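Q: Pasting a structure below so you can have a look.
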Amino acid sequence: MRILVTGGCGFIGANFLNLYVPKLRDVQFLNLDALTYAGNPLSLQSISDAENYEFRRVNLADSDATAQVVSEFQPTHIVHFAAETHVDRSIKYPRDFLNANIIGTFNLLEAARQTWGENYEGKVFHHVSTDEVFGELGETGLFSETTPYAPNSPYSASKASSDHMVRAWQHTYGLPIKITNCSNNYGPYQFPEKLIPLMSLNALAGKPLPVYGTGANIRDWLFVGDHCEAIFKVMTEGKVGETYNVGGNSERTNLQVVHALCESVADITNQSVDQVKSQITFVPDRPGHDFRYAIDASKIQKDLDWKPSQTFEKGLHQTVKWYHENTDWVESVKSGDYQTWIDSHYGQPGVSTK
Ligand code: TYD
């Protein structure tokens, strides 16, 4: 196997490489990453010298560079993580999402097709996607693989578009594709613009915890290590042309997540839970905020015998501890760009966002 990973310096890609590069010594890995704001080579420090690992800085929006590097590496498997993923950023900068998620995926599909020619024996193009392509749910119901697409944000619309292209490249050109649509991930190395790392760092630093609206929105939380194992399983054992939903079986309201996180922070820092909870502030809601996402993961469980192994409260506690202990990594991502986003989205320090 020769596995080409895109977006390996991002959150899920880095967790995937950190897990499988040391585990599969006879497999060669190539990581292509544009190193935009959310990509951090420090996330891969433990494998950067491994003999079965190489890194190339490539932006998939550059079709020539993408085609060249794919052809040089001659992958048997492509795992496509690279994407812009933050809904709030997509509302402010939608064009970045179209370029990265739609044009980037198109260029990668074309590069795979050119490199593989018609010889698809033993090849897999695995596209990593999200449950947000299905839109939002009310109080009840679950997303299944056959739920019609109804994306609501520029982010989810761009991911839905990429899913459609991946599917069409199989239907039209016979490219051996597989797609996974997963629920909200959390764990080490997630950029602190997303709910759990942002709240963890703010709670640890004694800063406000900005809950959108009333905190009643619901997400299904999946530990990133479980997600990586699901991807590997689908890539190696799943059926070509199929889509698999991957979920954590852990639906929580945002306020429940923040309360659980406050308990972990209190435990780690020897404060009272009430003291940490007093940092919670309710801020104006996100425009078009999807109410609820929830996954029916029975297909992957039945067909491939996969289910999440981590419980939410344990995984969350481990994650908060990780952000508490990995201060070098945390400092490295708090670049000027991070601060600019935080100031523009939540207001300048000392200025109320209510
Ligand atoms: P997020 O981590 O951005 O993931 P997504 O929007 O893709 O689900 O947000 C998760 C939930 O947390 C979502 O309902 C929005 C909410 N949220 C807050 O309440 N406050 C915040 O500061 C952030 C970033 C998110």
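Q: Once you charge only the Cβ atoms, +1 for Lys and Arg and -1 for Asp and Glu, what is the size of the charge dipole of the chain about its Cα centre, to the nearest 20 debye?
A: Numbers: 29 positive and 41 negative charges, 49 e Å.
Computed about the Cα centre, the dipole is about 240 debye.
Q: Same structure again: Working from the alpha-carbon coordinates of the stretch 216-352, get Rg over Rh, Rh being the Kirkwood radius. It would help to have the intermediate numbers written out before the result.
A: Numbers: Rg = 18.2 Å, Rh = 17.8 Å.
Radius of gyration relative to Kirkwood radius: 1.03.
Q: So which of 123/314; 23/307; 239/307; 159/239; 194/307 end up more than 26 Å apart by C-alpha? List each step's numbers first, then the result.
A: Details: 123/314 37 Å; 23/307 20 Å; 239/307 17 Å; 159/239 21 Å; 194/307 24 Å.
Those over the limit are 123/314.
Q: Given R₀ = 30 Å, what would the calculated FRET efficiency be for residue 167 paired with residue 99, taking r from the Cβ atoms and rounding to 0.05? The partial results should precede the final answer.
A: Working: r = 21 Å, r/R0 = 0.69.
The formula returns an efficiency of 0.90 here.
Q: Is there a quick way to get the dipole size of the stretch 191-285? I mean about its Cα centre, with the Cβ of Lys and Arg at +1 and of Asp and Glu at -1; what is the value in debye to the nearest 20?
A: Details: 7 positive and 11 negative charges, 36 e Å.
Approximately 180 debye in magnitude.
Q: Where does the chain land at 222 nm, in deg cm²/dmol rounded to the nearest 500, when only DSSP H runs of n ≥ 4 count, each adding -39500 (n - 2.57), divided by all residues? Present the calculation step by step, with values, prior to reporting the outcome.
A: Numbers: 14 runs with 151 residues, N = 354.
Helices in the chain give a 222 nm mean residue ellipticity of -13000 deg cm²/dmol.
Q: Suppose each label sits 7 Å from its Cα in the direction of the beta carbon; what would the residue 1-residue 242 distance come out to in nanometres?
A: Roughly 1.7 nm, to one decimal.
Q: Output needed for the chain: three equivalent-ellipsoid semi-axes, defined as square roots of 5 times the C-alpha gyration tensor eigenvalues, in descending order, whole Å. Show your work: numbers first, answer last.
A: On the way: eigenvalues 215, 95, 78 Å².
Each semi-axis is the square root of five times an eigenvalue, giving 33, 22, 20 Å.
Q: Just the projected area, averaged over all directions, of the convex hull on the alpha carbon atoms of the stretch 38-130: how many nm²? If you can, show how the numbers build up before the last one.
A: Numbers: hull surface 28.2 nm².
Orientation-averaged projected area of the Cα hull: 7.1 nm².
Q: Follow-up. Residue farthest toward the positive end of the dipole of the chain, with Cβ of Lys/Arg at +1 and Asp/Glu at -1: which of 298, 188, 281?
A: The one lying farthest along the dipole's positive direction is 281.
Q: Starting from the Kirkwood radius over alpha-carbon pairs of the stretch 132-274, derive D by Stokes-Einstein at 20 °C in a medium of 1.002 mPa s and give it in µm² s⁻¹. Can you show the working numbers first?
A: Numbers: Rh = 17.2 Å.
Estimated via Stokes-Einstein, D reaches 124 µm²/s.
Q: For the stretch 19-69 and the stretch 136-193, write down the distance between their C-alpha centroids in whole Å.
A: Computed from Cα coordinates, the inter-centre distance equals 23 Å.
Q: Here's something else I'd like to know. Which peptide among 165-178, 47-60, 137-150 comes first, and what is the full order, when sorted by highest mean count of other Cβ atoms within 10 Å? Spell out each step's value before the answer.
A: On the way: 165-178: 17.9, 47-60: 16.1, 137-150: 13.1.
Highest to lowest by the protection proxy: 165-178, 47-60, 137-150.
Q: Taking a spot 7 Å from the Cα of residue 345 along the direction of its beta carbon, which residues of the stretch 90-126 have an amide N less than 11 Å from it?
A: 90-93
Q: In the chain, with Lys and Arg counted as +1 and Asp and Glu as -1 at Cβ, which of these residues, 109, 160, 261, has the Cα nearest the positive end of the dipole, that is, farthest along it?
A: Going by the Cα projections, it comes out as 261.
Q: Place +1 on the Cβ of every Lys and Arg and -1 on the Cβ of every Asp and Glu in the chain, take the dipole about the Cα centre, and give the residue among 245, 227, 149 whose Cα lies farthest towards its positive end.
A: 149
Q: Continuing with the same structure: Treating only the Cβ of Lys, Arg, Asp and Glu as charged (+1, +1, -1, -1), what charge dipole size does the stretch 247-354 show about its Cα centre? Round to the nearest 20 debye. It would help to have the intermediate numbers written out before the result.
A: Working: 11 positive and 15 negative charges, 54 e Å.
Dipole of the stretch 247-354, to the nearest 20 debye: 260 debye.
Q: Next question. For the pair residue 49 and residue 332, how long in nm is the line joining their label points, each one 7 Å along Cα→Cβ?
A: According to this spin-label approximation, the distance is 1.5 nm.
Just so you know, all these numbers are worked out from the coordinates, no wet-lab data involved. Note that the structure is a prediction, hence the values are computed from the model and not measured. Here the Cβ is made from the backbone with ideal geometry for all residues, glycine too, and neighbour counts use every protein chain on show.
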